[in-house]
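Enquirer: Right, I'll just put the structure down here and ask away after.
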Amino acid sequence: MVKILKRLITPPLILVAALWLFIEDWLWDGLTSLIARLSRLPPVRALEAWIGQLQPYPAMALFLIPASLMLPFKIAGLWLIAAGHAMIGTGVFVIAKIVGTALLAWIFRNCRPALLTVAWFARVHAAFQRFRAWVHARLAELGVWKAVAALAHGARQWLHRLRGGMLRRRWLAIRKLRKRRANDTV
């Protein structure tokens, strides 16, 4: 009976875990590149240098701050959804998730060496990486996942072409027009 239940429950749980990891990875990667652009600003660079010099336990405290600050907003979002305000609640939850993940990614990027010197954190990090690898391996076995991955790859290529082509040309044309108008008014 336990084996039958395990066989019935495991595939949906793997899909839920995979969806959650996919969203987390997507947010983490996208927000890390956005924050890398912000890191060009001198105040942000100075803050990163300060964060990079933190000892392990102050770095751990700093790492936990975004999660603890965003938790009330996530709870408020869920409460709004339960109270019948689905759009507002979803918006609050999603914004809190994005902001929290952005801060967490930025802090982790700057504190990673110090954080990984804490033994229990290093074990949790390694266990999470093994779990991610296990979920990705299980997904690779599913035929549906291969189709979804191919579709996502095609969408990514289309966006890359769009970003590198039409949008870039329009952006450059707008900048050129603004410069021309600025020179005309002088």
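The values are calculated or read from the model by the stated rules, or taken from the named source; none is laboratory data. Predicted model only: the values in this text are computed from it and were never measured. Note: ideal-geometry Cβ built from the backbone for every residue, glycine included; neighbour counts use all protein chains shown.
Enquirer: Among the listed residues THR10, THR101, THR32, which satisfies the condition of being in contact with an Asp or Glu (Cβ under 8 Å, 6 or more places away or on another chain), within 21 Å of PHE128 (Cβ to Cβ) and among the hydroxyl-bearing types (Ser, Thr, Tyr)?
Expert: Just a single option satisfies the conditions, and that option is THR101.
Enquirer: Something else about it: Within the stretch 75-122, take every residue that is buried (at least 17 other Cβ atoms within 10 Å of the Cβ) and among the polar types (S, T, N, Q) and give me the one that is nearest to the chain's Cα centre (by Cα).
Expert: Filtering the stretch 75-122 for residues that are buried (at least 17 other Cβ atoms within 10 Å of the Cβ) and among the polar types (S, T, N, Q), the one nearest to the chain's Cα centre (by Cα) comes out as THR101.
Enquirer: Also, I was wondering about something else. Which ones in the stretch 138-186 are β-branched (Val, Ile, Thr), modelled with pLDDT of 70 or more and over 30 Å from ARG7 (Cα atoms)?
Expert: Scanning the stretch 138-186 gives a single hit, ILE174.
Enquirer: Return the residues of the stretch 40-57 that are in contact (Cβ under 8 Å) with a residue 24 or more places away in the chain and touching a helix residue (DSSP H, G or I) at 6+ places or on another chain (Cβ under 8 Å); say none if nothing qualifies.
Expert: GLU48, ILE51, GLY52, LEU54, GLN55, PRO56
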